[in-house]
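Below: the structure, in structure tokens.
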Amino acid sequence: MERDSTTPPAWRFRPMGEAAVLLEGQPALLANRYVVALTAALEERVIPGIEALVPGVSSLLVRFDPLTVDASEVEVALGKLLDHMEPPAPAQARVVTIPVRYGGACGPDLEAVAELTGLSVREVVAEHCRAVYHVLTVGFAPGFPYIGPLGTALTIPRRQTPRAAVAPGSVALAAGLTGIYPAQLPGGWHLIGRTPVRLFNPANTPPAFLMPGDRVRFEPLADGITP
């Protein structure tokens, strides 16, 4: 995934059955800023017929009532919003520091990641903590943030064999992104550490600790592996 760009996104609409359209944009990181802003705008105003929104990294699925509006009307409404939209610059986003205990029982795949990347375990930790990343979307499970993009040094594929259970708070890598498991879940990402931060609490508003549009920096805890 590319780094931030000043090139305006190129958009396309794809029909998804009779009651939904998918808006997709490129370049992905810039399009993500528009998707975040567009989702917020649609949640704040009522557009007749729109029933549900499912934002992705660089896409937005819009489900609508075909008895109220048709796909072309939804596309026109979204297009007008995009034409007048100025999403916030990354510098204006909330920046959240996530403490991580790297390696050991908290990061059982850290050594394997080092072998895959050709780095030492300390270099892997240093690389993971080097940048301030974007929360691109939240999904898979309530509160699970897709964070990135990672540099090419840490861009590795998913594990060949997923785990049946991953501990809550596990910080993981896969496919150029990093994520944090909000609960005990199955998962195929490489586990490099664990954070004590609670990622999802139904009693909070919003219940997810990290939201699309946030920025994240990782900070190593002293009782784990440090750079």
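The values are calculated or read from the model by the stated rules, or taken from the named source; none is laboratory data. Given the structure is predicted, the values throughout are model-derived calculations rather than measurements. When we count neighbours, we look across all protein chains shown, and the Cβ atoms used for this are built from the backbone with ideal geometry, even at glycine.
What to note about this one:
- Qualifying residue in the range 64-87 (condition: more than 20 Å from V216 (Cα to Cα), in contact with a helix residue (DSSP H, G or I) (Cβ under 6 Å, 6 or more places away or on another chain) and at pLDDT 95 or above): yes
- Which listed residue, of P196, P186, P168, P206, is without any contact (Cβ under 8 Å) to a residue 24 or more places away in the chain and of a type outside the set (S, T, N, Q): P206
- Enumeration of residues in the range 34-68 that are in a loop (DSSP other than H, G, I, E, B) and in contact with a Gly (Cβ under 7 Å, 6 or more places away or on another chain): S58, D65, T68
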